[in-house]
Number of protein chains: 2
Amino acid sequence: MALVLSAHPQVTATLVLLLSVLSLAAGGKLLVVPVDGSHWLSMREVLDGLRQKGHEIVVVAPEISLYIKPTKNFVMKMYSVPFTKEEMDHTFWRTSQHVFEEGSFLERIVKIYEGVKNTSAMFLSTCTHLLYNKELVRYLEESKFDAVFTDPILPCGQILAEHLSVPSVFLLQQIPCGLELEATQCPSPPSYVPRVFTDLTDRMNFLQRVKNLMFELPNYFLCDFVFQPYAKLASEFLQRDVTVPDLLRQASIWLMKLDFVLHYPRPLMPNMIMVSGVNCVPKKLTQEFEAIVNASGEHGIVVFSLGSMVSEIPMKKATEIADALASVPQTVLWRYTGEVPPNLPKNVKLVKWLPQNDLLAHPKTRAFITHGGSHGVYEGICNAVPMVLMPLFGDQMDNAKRVESRGAGLTLNILEMTSKDISTALKAVINDKKYKENIKRLSDLHLDRPIHPLDLAVHWVEFVMRHKGAPHLRPAAHDLNWIQYHSLDVIAFLLAVVLLSLFISFKCCLFCCRRCCCKKGRTRKPTKSKSH
Amino acid sequence: MALVLSAHPQVTATLVLLLSVLSLAAGGKLLVVPVDGSHWLSMREVLDGLRQKGHEIVVVAPEISLYIKPTKNFVMKMYSVPFTKEEMDHTFWRTSQHVFEEGSFLERIVKIYEGVKNTSAMFLSTCTHLLYNKELVRYLEESKFDAVFTDPILPCGQILAEHLSVPSVFLLQQIPCGLELEATQCPSPPSYVPRVFTDLTDRMNFLQRVKNLMFELPNYFLCDFVFQPYAKLASEFLQRDVTVPDLLRQASIWLMKLDFVLHYPRPLMPNMIMVSGVNCVPKKLTQEFEAIVNASGEHGIVVFSLGSMVSEIPMKKATEIADALASVPQTVLWRYTGEVPPNLPKNVKLVKWLPQNDLLAHPKTRAFITHGGSHGVYEGICNAVPMVLMPLFGDQMDNAKRVESRGAGLTLNILEMTSKDISTALKAVINDKKYKENIKRLSDLHLDRPIHPLDLAVHWVEFVMRHKGAPHLRPAAHDLNWIQYHSLDVIAFLLAVVLLSLFISFKCCLFCCRRCCCKKGRTRKPTKSKSH
């Protein structure tokens, strides 16, 4: 057979292609390196879609995690990490508590910095334990994956993809310091694309544009602070010098969980695919929750959650909130695991966990009190539920600003808000029809799409598996340095040519004038002398 | 009823919304202002799709045209134009013949310029006769359209959309001088996005980048030459000063007939939707063509067409081509209406018209000889047929360059090519497997999409009809001037602040130094005098 094949190389090539197509038709092999928390929840939706298409999915995850649990749907490869569940929970808890602590601006910044540092250290340690788990990595090397599917907010998955020489697909909303823009070579003019953490919209006056441009600088340092340890880890592991942008640049497709009903319109690159709404597939409520919702009567319910990382808050704050919730006739479902506030009104049900999207999808839901995480905000938009936003950290302030600027919700400062503020805001979004109308308009636009974002995400992961990447979508800008990209060398050259031409012309004119003057001078002088 | 409604404004609003949704569910009303030639062919495919969705489609077209003919599918509103079919055919014929005329570079440029000027004058006159056809415009005003669907290569449709205050959707590949980039505020760095007519790819060396940047200048003049008369016409008709970019900026959605398997990857804007392949829906061949194809035996056929505008060529060229075609065993179907060359070989069938896409879709088709119009090139890619390209004018040189740079075809210079060149190129693309493999790879990538481009195009036209536009996709960049967009004012301000700070610091230091020196000076002097 080998002899026959080698005698007909074209037949061999066709057979090999046919076999590989057949093997993929029977399902490809995908390596998934997820990020914990709400990030995992939307990724799992896409994985379920891929599983239904018959692909084999291998998920590598740390033994200790918030949400990533073994399931029958995927092959789960767990690896050990040097911390316990209690230590992890405590780290998250401490970080989230810092947000509520009072003190001077500087004190708070230092505390939040400490918290983020501890959390980052834990993530880094997790990544190190994955990469240096020799047995697991050998298994991955031998598994011959078609693609790696990962969340680039932590570049661990891309380090593995590089090591395995396998194309990768990213699922993300955004990365700290806008690294996704640098890594995709996506233009992002600071004149109308607000930077993260600036609290600005796309319509800025002069001073706001100054602020927006100046935010590039702290972003640069933030980037270095967050990603430098990963660059070091990757360089050691891959045994060559790499930076994190270098790594991320290699991704074939960026599945972006954003939509311009919420985000401000800005340039995109061909390998960026908008898939916001992947997590908005409502399922039937469990009997327990169905009963609560049905018992709420004509007033309906309010869904209240501060996200996967914050399930308890200081008692003083909890008491204030409880006080405010008593002022509305709606039943409030509050995800809260802390000590029960003494003034907890009858209309508030505390739950350790709630099926957020399924509750928001219920027609009896009147409002959504949220911390403004991108996951929750898009669920609010998808289900057309007006929001009261209490942003805590990260991109939540920006998300809250966007919802508010669209007239689809109200934002509260979680540190300064009083019981009355909460009550007023909640009553407004429930009773003032304009909030419902605005969120309904956003929802209509968001849902009016030619293909469900989940199908779109599944298609592009499969595309990369089928074609071993998507090099035809990779802009040549990746091969240019900063000066070349901005044509500064060309502009300098053309300027030099123009200046040189002007200089030579000027010199020529001067020379001609002088000759003329000299002649005149010479002609004159004798005349003068003659006249004398 | 009116009283009841006005007493409950919210009920009124809901009812009005419900009625408008219901009226659209039963089909919206679309005004179509098409452009003749191959542009109409792809637009007609989208219109057929929209018609099937139950929308009422009104097409306004000149009485004299190449392809736009009355049909039962749409309401056709024809308007008179001040030229006959013969005059129009003669203008097109003369323009196309200029391409083949020999002479110095300058002579040819002047002749081509003359030809383009005559054609442009005809299009402008057509537009003027549409806008000033009072009866027709009154009918359009009274018709209450949901959207205007047009090809912006001629801005006549958008002038009408502005007049009627109706949102618009554009279908295009590109506009002369890259106006689509300016009008959508789409960044297009000259360092890796080749300009039209430059014959460059996305990978350029320093001198090529200089050339690419310098091409902005002739582009600017070309733009003015082509569009200034339309700006004048629009300003008079709309009774306010407008430029053509101002007009085009108002479009809600730009349906772009391009794909990055052929075009070089570059930034996009959120309201640009890639729909290349709308025209690649093969239909069954007529008996006549089916018979020719079947009679071609194992060697199959070659499809040869120089596009809708060039159906005859000078006899000398035709004889050379006929000579070359005799050297291949394939049956060649040549769209040609001129005088039959005396040496026409037996394997060449001359036809006045051919179903290009349906023939290319036939498995017996081995090669495609084309002028490289975007329409034909995408049909070649869609059906995976390797190409011999003979570009004539416009963007055809760029298209040919792209196909050749992908190894999917060979380009010939139509003026300089000899019979041997044609024969060699044709044999190469038929017999050298690499051309077939490369076009097959492009075709696989092009066809591997989550939704058919025709459905995508139909969706977005309907989207604009349903939502009265797509303002959420409109970037705030439209409200900035050139200086603001590029942040030049902010950079100047920050530079001024930095320089001023440096200057003040320097002055302070100088002042301090002087004081120190003076003191020392003062202390020293008396010492000196004392020592004396």
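See the values below:
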| read-out | value |
| --- | --- |
| Tail beyond 26 Å, pair distance distribution of the range A:409-530 (Cα, percent) | 72 |
| Pairs from A:LYS117/A:LYS232; B:LYS283/B:LYS364; B:LYS317/B:LYS427; B:LYS69/B:LYS284; B:LYS72/B:LYS232; B:LYS257/B:LYS433 whose Cα-Cα separation, in the structure shown, is over 25 Å | B:LYS72/B:LYS232; B:LYS257/B:LYS433 |
| Delta accessible area of at least 10 Å² on complex formation, residues of the range B:466-483, 1.4 Å probe, chain isolated as reference | B:ARG466, B:HIS467, B:HIS472, B:LEU473, B:ARG474, B:PRO475, B:ALA476, B:ALA477, B:ASP479, B:LEU480 |
| Shielded by partner chains, the range A:422-452 residues - at least 20 Å² of accessible area, 1.4 Å probe, vs chain alone | A:LYS433, A:LEU445, A:ASP448, A:PRO450, A:ILE451 |
| Histogram of C-alpha separations across chain A, 10 Å bin width, % | 3, 15, 24, 23, 15, 7, 4, 3, 2, 2, 1, 0, 0 |
| Relative contact order (%) - the range A:393-453, alpha-carbon pairs under 8 angstrom, separation at least six | 30 |
| Cα principal axis extents for the range A:81-120, largest first, Å | 35, 15, 7 |
| Copies compared at B:TYR139 - label distances in nm, ascending, label defined 7 Å from Cα in the Cβ direction | 7.3 |
| Shielding score for B:203-209, defined as the mean number of other chain Cβ atoms within 10 Å | 3 |
| Descending semi-axes in Å of the range A:182-243, equivalent ellipsoid built from Cα gyration tensor | 31, 12, 7 |
| q = 0.10, 0.14, 0.17 Å⁻¹, the range B:145-265: log10 I(q)/I(0) [Debye, one scatterer per Cα] | -0.35, -0.64, -0.88 |
| Accessible area buried between chains B and A, both sides summed, probe 1.4 Å, in Å² to nearest 100 | 4400 |
| Residues B:PHE206 and A:HIS90, FRET efficiency given R0 of 41 Å [Cβ-Cβ distance, rounded to 0.05] | 0.10 |
| Partnerless cysteines, meaning none of the other Cys C-beta atoms lie under 4.7 Å away, in chain A | A:CYS186, A:CYS508, A:CYS509, A:CYS512, A:CYS513, A:CYS516, A:CYS517, A:CYS518 |
| The range B:253-304: relative contact order in percent, alpha carbon pairs under 8 Å with at least 6 residues between | 33 |
| Tail fraction, Cα-Cα pairs, the protein assembly as shown, threshold 60 Å, whole percent | 21 |
| The range A:208-258: chymotrypsin sites (Phe, Trp or Tyr not before Pro) falling in loop per DSSP and having at most 12 other Cβ within 10 Å | none |
| Per-residue average of Cβ from other chains inside 10 Å of B:266-272 | 6 |
| Shortest-first distances to equivalent copies, position A:GLU288, nm, label 7 Å out along Cβ | 7.5 |
| Inter-copy spacing of A:SER501 label points, which lie 7 Å from Cα along Cα→Cβ, given in nm from shortest upward | 4.0 |
| Relative contact order computed over the range A:287-431 (Cα-Cα under 8 Å; 6+ residues apart), in percent | 23 |
| Mean projection area, nm², convex hull over Cα of the range B:485-524 | 2.3 |
| Residue-normalised accessible area of chain A, given per residue in Å² at a 1.4 Å probe | 47 |
| Rounded to 10°, Cα long-axis angle of helix B:433-447 versus longest principal axis of chain B | 70 |
| Sites A:ASN118 and B:GLN52, calculated FRET efficiency, Cβ-Cβ separation with R0 51 Å, nearest 0.05 | 0.30 |
| Counting all C-alpha pairs of the range B:287-447, share separated by more than 24 Å (%) | 25 |
| Accessible surface of the protein assembly as shown, 1.4 Å probe, proportion on carbon and sulfur as whole % | 61 |
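The values are calculated or read from the model by the stated rules, or taken from the named source; none is laboratory data. This is a predicted model, so every value here is computed, not measured. For neighbour counting, all protein chains shown are included, and Cβ atoms are generated from backbone atoms with ideal geometry for every residue, glycine included. Heavy atoms of the whole protein, side chains included, go into the accessibility calculation; ligands, DNA and RNA do not. Shrake-Rupley method; radii C 1.70, N 1.55, O 1.52, S 1.80 Å.
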